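For reference, the structure is listed below as structure tokens.
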Amino acid sequence: MAKTGNGTAEEHSPSGLPIKQIPGNYGIPVLSPIYDRLHYYYFQGHMGYFKSHATKHNSTVVRLNMPPGIFISRNPHVIAVLDAKSFRVLFDPSKVEKKNTFIGTYVPPLSLYSGLRPMAYLDTTEQLHSSLKSFSFHLLASRKSQFIPTFHKAYSSLFDMVEAKIASGPVEFNGLNQSSAFDFTCNAFLGAVPSEVIGPSASNKAAIWLLLQLHPLASRLTKFIPWPIEDLLLHCVPLPPCLAHGSYKTLEEFFSKAGESLLEDAANKFGLSHDVALHNLIFMTSFNANAGFKIFMPILLKWLAHAGETLHGELVQEIRSVVKSSNGTITLDALEKMELTKSVVWEALRLDPPVESQFGHARTDLIIESHDTAFRVKKGEMICGYQPLAMRDEKVFKNAEEFVANRFVADQGKKLLEYVYWSNGPETVSSTVGNKQCPGKDMVILVGRLFVAHLFLRYDTFSAVHDGMLLGLEPRMVFKSVKKASDQ
């Protein structure tokens, strides 16, 4: 134990880093959480909020209040981990508990899930988690062969609509994507297209149910509601679950019928009751997969639009040459050969992960380490990792704030995948029943590649603008023009 300048003993972690007090504080009860909430949603934004705390305390591990804060959620006090090294504590099930931490300090009313806790809210130590995750792996494996054809059906229709409308002016992508993403995920998992079974409003019913869960995280709902009123509506009390009752009932009926064989497998192979399997199937499909693609596709489009025609030309050359050598069709093997395409998808996920934050409670007293300092965390304290900062760590990524399309190409680039955390775990690690990593992680990467491949098989280039954020959760993207493929 070394001595400091004033003669006191300085403790060190097992790896030799000095152990210091975590900087920051939680301020004045009631007032400070409200003040911080307003800065997070309206004055600074998510990134600015976390950056300002890290800069103020010259530390990437800080104490702060995590919105939405008091009235609607539990204790807002968290320890934020904002660099690539300290963030990794959230991936160790022996160190953190993830019971009821899926979206942070707030837990939606369980009546939204027919009174059940979905797998996302279960800790790895709960027996039901293991059974449900095994079921999710079974679902993905049994339907894997359908991912490419169902994606082609849904997104070919989307691009048809873009082309039909763009002659009359700019076309918003998000609304079209909401419908296509829901049709794709349901068709991929269940073999049924909700817009054909339920009707054109199918994706809206899922969106209403999602909003009732996520409204404490949303902001800028509409320009017609002043932010002080919006803050009271969205961030202070839960919206009544009954607002989604009719929509969820429709989803129940659809999933009960379309997912009949999967629900039988859940009972016979994994010992799950019909209700537990049904409501988790709805959650996996409508929340985990559908909501993820609803947010991720605009993110991917944003960065492709930002990169411009030079990258578009490189992607056109790679994608079309690989597809040509694969008898003119997109296959899993063909997608694996598209190195630049894969890198583009990973880079978009690095800069803008669809789920920004991860949370967990310390299981025991523990020590977490940033690059140069160690900190003590007490049992039960909540740890919050903000991924967009952790994955822009300049000590890991060169030009970390920039979109570098070929960042993950070749062996040297692939070594950096260890620090790509969007899936609640490193990209180099596989999801298992014993961790909380996204079971559909490989599907997300596949679908991202499919989106890029379909886009540049169809178009030589395109232009689109990022026009603000929708609900504060997804970039609003507007197509301005598309240039049809010159070799068609």
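Values for this structure:
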quantity	calculated
Ranking by accessible area, most exposed first, for Leu210, Leu217 with a 1.4 Å probe	Leu217, Leu210
Helix 290-307 axis, angle to the chain major axis (alpha carbon atoms, nearest 10°)	90 degrees
Fraction of accessible area attributable to carbon and sulfur, region 331-401 (%, probe 1.4 Å)	49 percent
Sparse-neighbourhood loop sites, trypsin sites (Lys or Arg not before Pro) in region 162-267 - DSSP loop, at most 11 other Cβ within 10 angstrom	Lys223
Size-normalised alpha-carbon gyration radius of the chain, reference 2.2 N^0.38 Å	0.99
Heavy atoms of His152: accessible area, 1.4 Å probe, square angstrom to 10	100 Å²
Spatially proximal lysines relative to Lys133 (Cα-Cα < 24 Å; intrachain offsets below 8 disregarded)	Lys95, Lys98, Lys99, Lys144, Lys257, Lys269, Lys294, Lys436, Lys441
Ratio Rg/Rh [Cα only; Rh per Kirkwood] for region 119-216	1.07
Area accessible to solvent at His306, 1.4 Å probe radius, in Å²	130 Å²
Ranked order, Thr185, Thr250 - accessible area, probe 1.4 Å, largest first	Thr250, Thr185
Solvent-accessible area per residue, Å², over region 193-268 with all protein chains present [probe radius 1.4 Å]	50 Å²
Percent RCO, i.e. relative contact order, over region 130-241, from Cα pairs under 8 Å lying at least 6 residues apart	19 percent
Rg followed by Dmax, in Å, when region 350-460 is reduced to its Cα trace	16.5, 56
Ranked order, His371, His454 - accessible area, probe 1.4 Å, largest first	His371, His454
Within the chain, helix-based [θ] at 222 nm, where runs of 4 or more DSSP H residues each add -39,500 (n - 2.57), nearest 500	-13500 deg cm²/dmol
0 to 90° range, to nearest 10: angle between helix 339-351 axis and the chain longest Cα axis	40 degrees
Translational diffusion coefficient (Stokes-Einstein; Kirkwood radius from C-alpha pairs) of region 196-300 at 37 °C, 0.692 mPa s, in µm²/s	211 µm²/s
Spatially proximal aspartates and glutamates relative to Lys324 (Cα-Cα < 14 Å; intrachain offsets below 8 disregarded)	Asp333, Asp487
Accessible-area value, Glu264, 1.4 Å probe, nucleic acids and ligands omitted, Å²	100 Å²
Rg [Å, one decimal], Dmax [Å, integer] - region 47-161, C-alpha atoms	19.4, 51
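The values are calculated or read from the model by the stated rules, or taken from the named source; none is laboratory data. From a predicted model like this one, the values you see are computed outputs, not experimental measurements. Every residue, glycine among them, receives a Cβ derived from its backbone with ideal geometry; neighbour counts consider all protein chains shown. With ligands, DNA and RNA removed, areas are computed over all heavy atoms of the protein, side chains included. Shrake-Rupley method; radii C 1.70, N 1.55, O 1.52, S 1.80 Å.
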